[in-house]
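Read the structure below first, then the notes.
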Amino acid sequence: MIGTGVFTSLGFQLIDIQSAPVIMMLWLVGGISALCGALSYAELGAALPRSGGEYHFLTEIYHPSAGFISGWVSATVGFAAPTALAALTFGSYLNSSGLGVDPLWLATVAIVALTAAHCSTHRHSGGTQTGFTLLKLLLIVLFSVTALTLSPAEQQTRFVWDGDATLWLGSGAFAVSLIYVNYAYSGWNAATYISGELAAPQQSLPWVLGISTAVVAALYCLLNFVFLSVAPMEAMVGKIEVGVIAAEFAFGPRLGTFMGLLLALLLISTISAMILAGPRVLHRIGQDYPRFAPLARENRDGIPVNAILFQSGTALAFLWTASFEQILVFSGATMALNTFATVLGLFILRWRQPHLPRPFRVTLYPITPLIFLGITGWTLTYVVVQRPVEALISATIIASGGLFYLLVKPDRSPDL
C-alpha cells in the first residue's frame, strides 16, 4: 500500500486546497474508507477463498463477464499503471539525490530487476517483499521523528480549524482530491489476490486486511502531518517529489538529499508488491479461458511466470508513453469503480447465498460497507463532473474489457 500516492499526491491536493487541517481530514476520510473496504473484502475473501481478488469475487457474485472486465482493469490499470507510476517516482526521487541518471531508465531497471526476483521461487519472492516492507516501515518512522525534531519551530505549519476549512469539506475540490488519497490507499485489497497461496486464508485474511490498513492509515496521517509541518505549502504545490522537498526544509540541502535517497528506496517495496500480487489475476484468467492458457503456465515452484512477464511488459509500456497526473486520476477512478462493484457484491452474496459459510462477518454490517460505498460513490460522481477526460478514459478501458470478453469467451462459462 505505502508507495507512490503518499509521496506524490500532496502536491496535487495543494493546487486546490490550501488548508492544512483539510488536507489532514482528506487522509483521515481516505483511511476510514479503506478500512471499511478492507473489512468488507475480508468477509468476501473468507467466504470465497481463492486467488484472484476482484476477478474471482465478481465472477462468483455477478457473472463471468463482470469478473473478466475486472481482471482486464486489474491487468491494464489496477497493477500495471501503478507499477509504472511507482517506478517513475522511484527514479525521480533517486535522480533528485544527485545521481544524474534519467528517471525513466532508473524506473525501467527497477521493474526488470524485481520482475526477475519474483519469477524465481516463492522463497525468494516472499523474502524480497518482506525485507523491503520492514525497511520501508522503519525508514518512515525514522524520517518522521527526525524531521519533526530537527525542523525549526518557526517553520512549522499551524493546524487551526476555521470557517473556511469547514466549507472545503463538501466541495468538489475535496471530492476530487480524495481520488489522489484513495489511490494512495489502493493496495489494501492486494492480499485477496494471493489468498489461494496463504495458509488458512479464512482465518488470516481478516487480520491481514484490517490491521495492515489501520497501520497504513496511521502512517499516512503521520507522513502528511510531517510534510505540512516542515515545508511551506507553496514549495510543494504541483510537485511530485514532496518527500525530498520536505526533507530539504527539515534537514538542509545535503542531509535532505540523503533522506530523498532513502525515501526512493521505500518505493522499491511498492513496485515489488505490485509485481507480486497483480499477475495472480492474469494467472486466474488463464485458468478459466482456454485462449489465455499461456498466462496460467507456472514454473516448477508454482510461480505464474508468463503472467508476471505480461504485466511487467504492460507497466513498461505505460512508463514510456504516459503522463503522470492523468494516469493517476483515471487509474484511481477506474480502480475505485472496481472496488465499488465488489463491496456492493457483499450485499448481493448475502442475499443470494445466506447459508454460505462465512468464517468472518464484516463488523457493524451494513454500516461498514455503506460508508465505503457512500464515500467512493461521492468521489466518482465529482470525477465525472470535474475531470470528464479522465472519466472517459476510464469508461473506455471498461468498455474495451467487455468487448474483449465477447471475442474470447469460451463456448461455455468457466467452472465456478
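The values are calculated or read from the model by the stated rules, or taken from the named source; none is laboratory data. What you see is a predicted model, and the numbers here were worked out from it, not measured in a lab. All Cβ positions, even for glycine, are placed from backbone atoms using ideal geometry, and neighbour counts span all protein chains on display.
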Exclusive hit being modelled with pLDDT under 85, touching a Leu at 6+ places or on another chain (Cβ under 6 Å) and not acidic (Asp, Glu), set LEU262, LEU267 = LEU262
Restricting attention to the stretch 340-360, which residues are over 26 Å from the mean Cα position of the chain (by Cα) and either basic (Lys, Arg) or outside any loop (DSSP other than H, G, I, E, B) (or both)?
-> ARG350, TRP351, ARG352, ARG358
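Only one of these is in a helix (DSSP H, G or I), crowded, with 17+ Cβ neighbours inside 10 Å and modelled with pLDDT of 85 or more: VAL216, VAL141. Name it. Reasoning before the result, please.
Working: VAL141 fails: crowded, with 17+ Cβ neighbours inside 10 Å.
Result of the check over VAL216, VAL141: VAL216.
Take the conditions in contact with a Pro (Cβ under 9 Å, 6 or more places away or on another chain), within 18 Å of PHE68 (Cβ to Cβ) and of a type in the set (A, V, I, L, M) and apply them to ALA296. Does it pass?
Judged against the criteria, ALA296 is a match.
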Test: residue in the stretch 285-292 that is buried (at least 24 other Cβ atoms within 10 Å of the Cβ) and in contact with a Phe, Trp or Tyr (Cβ under 6 Å, 6 or more places away or on another chain) = yes
Can you tell me which residues in the stretch 60-79 are crowded, with 24+ Cβ neighbours inside 10 Å and either at positive phi or of a type outside the set (A, V, I, L, M, F, W, C) (or both)?
-> GLY67, SER70, GLY71, SER74, GLY78
How about the stretch 1-30: which of its residues are of a type in the set (Gly, Ala, Ser) and either over 16 Å from the mean Cα position of the chain (by Cα) or modelled with pLDDT under 90 (or both)?
-> GLY3, GLY5, SER9, GLY11, SER19, ALA20
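Residues that are modelled with pLDDT of 80 or more, within 29 Å of PRO388 (Cα to Cα) and in contact with a Phe, Trp or Tyr (Cβ under 9 Å, 6 or more places away or on another chain): does the stretch 221-230 have at least one?
yes
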Of the residues that sit in the stretch 94-129 and are hydroxyl-bearing (Ser, Thr, Tyr) and either touching a His at 6+ places or on another chain (Cβ under 8 Å) or at pLDDT below 70 (or both), which one is nearest to PHE258 (Cα to Cα)?
-> SER97
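State whether one or more residues within the stretch 354-367 are hydroxyl-bearing (Ser, Thr, Tyr) and crowded, with 17+ Cβ neighbours inside 10 Å.
Within the stretch 354-367, not a single residue is hydroxyl-bearing (Ser, Thr, Tyr) and crowded, with 17+ Cβ neighbours inside 10 Å.
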Looking at THR342, THR381, which one is of a type in the set (Ser, Thr, Tyr) and surrounded by 15 or more Cβ atoms within 10 Å (Cβ to Cβ)?
-> THR342
SER400 vs (1) farther than 19 Å from ILE32 by Cα; (2) in contact with a Gly (Cβ under 8 Å, 6 or more places away or on another chain): all pass except (2)
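Counting only residues that are among the polar types (S, T, N, Q) and surrounded by fewer than 23 Cβ atoms within 10 Å (Cβ to Cβ), which one in the stretch 323-333 is farthest from the chain's Cα centre (by Cα)?
The selected residue is SER323.
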Within the stretch 276-300, of all residues that are under 27 Å from the mean Cα position of the chain (by Cα), charged (D, E, K, R) and in a helix (DSSP H, G or I), the one nearest to GLY78 (Cα to Cα) is ARG280
Helices (runs of 4 or more DSSP H) wholly inside the stretch 1-107 containing at least 1 residues that are charged (D, E, K, R) and over 25 Å from THR396 (Cα atoms) | 4-16, 20-47
